[in-house]
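Worksheet for the structure shown next.
FYI, it's all coordinate maths here, none of it is from the lab. Nothing here was measured: the structure is a model prediction, and the numbers come from that model. Heads up, the Cβs are rebuilt from the backbone with ideal geometry, glycines too, and the neighbour counts pull from every protein chain shown.
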């Protein structure tokens, strides 16, 4: 499969995103769709990133919409997998639930800071950032119009999709803000037109490893679809837990396949659900 992907990459030049990840042009094909729809749902755990993977990126986190039929597809896959499907997002779980209401799936939120299993018990893996640090970071919105602040308690994200020219000024503000709290352990997470300050040692990959130890996920093959550098930790951990990774338009080492865009992912999920 990867031989086919690499061959097509040679015919269409790649692009380099600001975060350093290779963006590949339309390389997914019918072979990829056939491979995906042949997954054995009785033995598979379906793990899905949200924004940029099954949901189209919006101007800000609050300005996104679910495509028609997506909720029905996810509910169908929940039933077919015996509940072994989870949403894996940088959003807090409460925000995931708001977006996908009335559906409430198992979830990993906050880039791995929290996890909810099928019984609705939520585990928290990170302490909240101090309020004064979050306030200092949030002042980045004053740099110029279009910067969106997303305060998640245990992290804070500054989105500049509406004002890409302010990226460098915002980066300097984030660096200065972190330096003002030298005794507070934090790390910077880059995303699509986003700077996020969070607790160190928290990531999606480690949380997926924990998720896979619990029923109904335990003993299944984890199949993850993600789209950007915030999902890199998952692609890195998949080989050691026997998983398969798919991405959306970007190349990561060890992938099973690459989808063109979120619409292509949604088509594949619907085809997988309808094939049973």
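Each residue in 256, 37 was given a count of other beta-carbon atoms within 10 angstrom of its own, and listing them fewest first yields 37, 256.
Here, the range 131-198 has an Rg and a Dmax of 10.8, 33 Å when only alpha carbons are counted.
For the range 128-142 versus the range 146-199, the spacing of their alpha-carbon centroids is 9 Å. With Cα atoms defining each centre, the range 41-103 and the range 221-273 are spaced 14 Å apart in the structure. Seen through its C-alpha gyration tensor, with square-root eigenvalues sorted a ≥ b ≥ c, the range 129-275 comes out prolate because a/c lies at 1.5 or above while a/b is bigger than b/c. Taking 30 Å as R0, compute the FRET efficiency from the Cβ-Cβ separation of residue 60 and residue 123 and round it to 0.05. Calculated value: 0.60.
Of all the Cα-Cα pairs you can form in the chain, what percent are over 31 Å apart? Walk me through the intermediate numbers first.
Numbers: 9638 of 37950 pairs.
That tail contains 25 percent of the Cα-Cα pairs.
With contacts taken as Cα pairs under 8 Å at a separation of at least 6 residues, the chain carries a relative contact order of 24 percent.
Peptides 259-268, 67-76, ordered by how many other C-beta atoms sit within 10 Å of their residues on average, highest first, read 259-268, 67-76.
Only helices enter this figure: runs of n ≥ 4 DSSP H residues, each worth -39500 (n - 2.57), summed and divided by the residues of the chain, yield -9000 deg cm²/dmol at 222 nm to the nearest 500. In this simple spin-label approximation, residue 210 and residue 143 carry label points 7 Å from Cα along the Cα→Cβ vector, and these lie 3.1 nm apart.
As a proxy for reagent exposure, 43, 198 were ordered by neighbouring Cβ count within 10 angstrom, fewest first; the result is 43, 198.
Highest mean packing comes first when the peptides 188-195, 114-121 are listed by Cβ atoms within 10 Å, giving 188-195, 114-121. Working from Cα pairs under 8 Å separated by at least six residues, relative contact order for the range 131-198 is 32 percent.
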